[in-house]
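In what follows, a single structure is set out as structure tokens and then discussed.
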Amino acid sequence: MVSPVTSASRPRQPSLAQLRAFVAVAEHLHFRDAAAAIGMSQPALSGAVAALEESLDVQLLERTTRKVLLSPAGERLAERARTVLEAVGELMEEAEAARAPFTGVLRLGVIPTVAPYLLPTVLRLTRERYPRLDLQVHEEQTGSLLDGLAHGRLDLLLLAVPLGVPQVIELPLFEEDFVLVMPKDHWLGGRGDVPREALRELDLLLLDEGHCMRDQALDICREAGRVDGAPVTTSAAGLSTLVQLVAGGLGVTLLPRTALRVETARNDQLTTGYFADPAPSRRVALAMRSGAARQREFEVFAEALREAMRSLPVRVADAA
């Protein structure tokens, strides 16, 4: 006959704090870095992980004097712990959304080639129409933003699309053309009918690896027939630096229309050229997780942004 399991023989239920501490160690494999990542002291974090091991009666980590490793059981349980924490986060998000729309925290991720030019419109709209919304802005490259969205660090993204990422819904905002920016005396300056084929041989300056606009510019060049080996210089982490390099005579670059006035107004050594129709362009949208608790709220926010952006040099998208 099997003896009944008593409460004394069952593992104690872990706390959320213990799970957060363990997941942080599993991600960083370093107690100091893990403690800093979740804002906990190193002794408290170490104690929380030890208490979790005692509660579960399972060794989760292999500790040496030089490094921390996950035990085989720790590797399996780390995934479970992440799932639990994500579920708790979704529960809290659901509760917050249920209380009232456009209140509480909204963590908005924005790419660097959009943030300086669209945030004034976004912030003005939020301040005037949604004064109880605590908008928190994070400027990062596309890959980092998508990772933050997938893991619940961010709620909504403002970036160039298409993304082609499963479980991410895009809410189109607008399409905008690219403009050729050149040194003041460039032979293409001032033209309103620049052919795309001109990109085949120009000394083109691009953003660093990781910026989606770099990839877009290279795609435009390939479509124009630019051959491998044509001069391409990668020298800038942001559009402001890129434009100053152009003004210094190092080459030409492409700017989206929304960035043109801000980035070229400060330097009289620049000229612009507009491409003949159809001009190369990019699309910008909001992106959210599929099934997000605040999906309807984000859809309303997207529609409000479309209206607010009608004064910009863009082609506003139709409501989805």
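Tabulated data for the structure shown
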item	result
Ranked by how many other beta carbons lie within 10 Å on average, peptides 69-82, 106-119 from highest	106-119, 69-82
Length released on extending from D219 to V137, taking residue separation times 0.36 nm less the Cα-Cα span	26.6 nm
Residue with peak Gaussian network fluctuation, the chain [Cα springs, cutoff 10 Å], from V300, V122, V243	V300
Unit charges on C-beta of K, R, D, E only; dipole of the chain, Debye	640 debye
Dipole-positive endmost among L239, L133, Q216 within the chain (Cβ charges, Cα centre)	L133
Sites R63 and D185 - FRET efficiency at Förster radius 51 Å, r taken between beta-carbons, to 0.05	0.20
Net charge contributed by nearby residues that have their C-beta within less than 13 Å of G192 (K/R +1, D/E -1)	-2
For the chain, with +1 on Lys and Arg beta carbons and -1 on Asp and Glu, the positive-most of A87, P195, Q42 along the dipole	Q42
Dipole moment magnitude, nearest 20 debye, segment 261-320 about Cα centre, only Lys, Arg, Asp, Glu C-beta charged	160 debye
Linear extension gain, D208 paired with E54, 0.36 nm per residue minus alpha-carbon span	50.6 nm
Signed unit charges on C-beta, dipole axis of the chain, positive-most listed residue M182, L154, L250	L154
Column: log10 I(q)/I(0), Debye, Cα scatterers of segment 116-243, q = 0.10, 0.16 Å⁻¹	-0.45, -1.00
Neighbourhood net charge (13 Å Cβ-Cβ; Lys/Arg +1, Asp/Glu -1) for L29	0
With eigenvalues of the C-alpha gyration tensor scaled by 5 and rooted, segment 176-281, Å	18, 16, 13
Expected 222 nm ellipticity per residue - DSSP helices of 4 or more, -39500 (n - 2.57), all of the chain, to 500	-13000 deg cm²/dmol
Translational D in µm²/s for segment 236-320 (Stokes-Einstein at 37 °C, 0.692 mPa s, Kirkwood Rh from C-alpha pairs)	209 µm²/s
Sorted by Cβ density within 10 Å, fewest first, the residues E297, E86	E86, E297
Three semi-axes of the equivalent ellipsoid, the chain, Cα gyration tensor, whole Å, largest first	48, 24, 16
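Values in this text are rule-based calculations from the coordinates and carry no lab data. None of these values were measured; they are calculated from a predicted model. So basically every Cβ, Gly included, is an ideal-geometry build from the backbone, and we count neighbours across all protein chains shown.
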